[in-house]
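Some notes on the structure that comes next.
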Amino acid sequence: MKVLVAVKRVVDYNVKVRVNADQTDVDIASAKMSMNPFCEIAVEEAVRLKEAGIVTEIVVVSAGVPQAAETLRSAMALGADRAILIETAEQLQPLAVAKLLAAVIKNEQPQLIILGKQAIDDDSNQTGQMLAALLDYPQATFASKVVIADGKATVTREIDGGLETLSMNLPAIVTTDLRLNEPRYATLPNIMKAKKKPLDTTTPADLGVDVAPRLKILKMMDPPTRSAGIIVPDVATLLDKLRNEAKVL
Ligand code: AMP
């Protein structure tokens with residue numbers, strides 16, 4: 001069984017991003033970039049399914065600037081077999097990514113498609129859902145457990161106040177939640193091996209997809225800065241401040 005995993009290159013989760021001067025975007029020109037953490041979980045799940053003998057081939061796909069090839073190499077160092085880079089300088093919105101992935105999936109015919117539940121840069125949480133709609137495939141989002149057997153995926157999902165278990169026919173789309181697994185670190189030998197694994201490059205035009213943005217960002221703002229706290233000497237002062245300054249009592 002072939003599995004396809006979509007991985008996004010995003011600003012590293014440790015970087016504190018700043019809004020640019022004209023408040024139209026965040027300034028990440030020189031920021032450290034990494035694989036989206038939910039995509040690492042998606043790759044790890046595919047690798048575990050391969051180690052369990054259920055999956056025979058893992059194809060990783062990323063859409064974006066040429067440097068996204070590094071993200072694909074990282075995914076191959078974790079255990080993916082080959083990679084496809086859809087190269088474009090356009091800012092990609094989730095609908096464009098979903099259309100690009102749908103085009104690749106039509107060529108590749110994987111039985112299982114795993115995405116992160118959201119990208120930590122735009123926090124959209126849309127691509128997997130849009131992809132399922134475009135392909136008319138069943139989907140299970142926010143997966144915390146995935147079992148593949150008898151041509152079906154049984155997926156446990158984290159929902160408000162509990163867990164939901166779904167059974168879907170393959171091919172199907174799964175998006176990963178934080179507790180699905182704990183991704184491994186790539187070993188040096190595997191990083192070296194990944195350099196020799198196949199990486200094909202294509203473009204939105206080759207795939208016949210128009211990636212022009214459909215949404216316009218009107219304005220971006222930093223969250224309001226919080227004023228510094230103070231230490232009060234005793235409970236009486238605290239009550240006085242709550243009553244007369246904060247006026248919450
Ligand atoms: P989003 O809908 O933007 O929050 O992203 C959810 C998931 O869609 C990510 O975790 C990836 O698996 C996938 N995805 C989003 N953008 C891209 C991209 N440019 N290339 C590959 N996969 C992507």
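The values are calculated or read from the model by the stated rules, or taken from the named source; none is laboratory data. As the structure is a prediction and not an experimental result, all values here were calculated from the model. Glycine gets a Cβ as well: all are built from the backbone with ideal geometry, and neighbour counts include every protein chain shown. Calculation scope for accessible area: heavy atoms of the full protein, side chains included, ligands and nucleic acids excluded. Shrake-Rupley method; radii C 1.70, N 1.55, O 1.52, S 1.80 Å.
Taking the numbered list (1) farther than 28 Å from residue 156 by Cβ; (2) in contact with a Lys or Arg (Cβ under 7 Å, 6 or more places away or on another chain); (3) open to solvent by less than 10 Å² (accessible area, probe 1.4 Å) in turn, residue 39 passes all entries but (1). Per the conditions (1) under 30 Å from residue 90 (Cα atoms); (2) of a type in the set (Val, Ile, Thr); (3) over 24 Å from the mean Cα position of the chain (by Cα), the sole criterion not satisfied by residue 230 is (1).
This table checks each residue for (1) among the aromatic types (Phe, Trp, Tyr); (2) at pLDDT 95 or above; (3) surrounded by 15 or more Cβ atoms within 10 Å (Cβ to Cβ).
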site	(1), (2), (3)
23	no, no, no
56	no, yes, no
61	no, yes, yes
74	no, yes, yes
98	no, yes, yes
102	no, yes, yes
118	no, yes, yes
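In this structure, residue 65 does not qualify as more than 9 Å from the ligand (Cβ to nearest atom) and either among the aromatic types (Phe, Trp, Tyr) or in contact with a Lys or Arg (Cβ under 6 Å, 6 or more places away or on another chain) (or both). Restricting to segment 119-141, what's the tally of residues that are of a type in the set (Val, Ile, Thr) and within 6 Å of the ligand (Cβ to nearest atom)? Selection size over segment 119-141: 1.
Scan segment 58-75 residue by residue and report those that are of a type in the set (A, V, I, L, M) and closer than 11 Å to residue 7 by Cα. Matches in segment 58-75: 59, 60, 61, 63, 68, 69, 72, 75.
Can you tell me which of 2, 8, 50 is more than 16 Å from the ligand (Cβ to nearest atom) and open to solvent by 50 Å² or more (accessible area, probe 1.4 Å)? Lay out the reasoning, then the answer.
Working: 2 fails: open to solvent by 50 Å² or more (accessible area, probe 1.4 Å); 8 fails: more than 16 Å from the ligand (Cβ to nearest atom).
From the options 2, 8, 50, the qualifying one is 50.
Residues in segment 194-230 that are surrounded by 10 or more Cβ atoms within 10 Å (Cβ to Cβ) and of a type in the set (Val, Ile, Thr): 201, 202, 203, 209, 211, 217.
Residue by residue, here is whether (1) assigned to a helix (DSSP H, G or I); (2) within 30 Å of residue 101 (Cβ to Cβ) holds:
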position	(1), (2)
205	no, yes
216	no, yes
227	no, no
232	no, no
240	yes, no
247	no, no
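Of all residues in segment 145-155, those that are under 15 Å from residue 3 (Cβ atoms) and surrounded by fewer than 18 Cβ atoms within 10 Å (Cβ to Cβ) total 4.
Among the residues of segment 156-193, those that are closer than 21 Å to residue 112 by Cβ, open to solvent by less than 70 Å² (accessible area, probe 1.4 Å) and not in a loop (DSSP other than H, G, I, E, B) comprise 156, 157, 158, 164, 166, 168, 172, 173, 174, 175, 176, 180.
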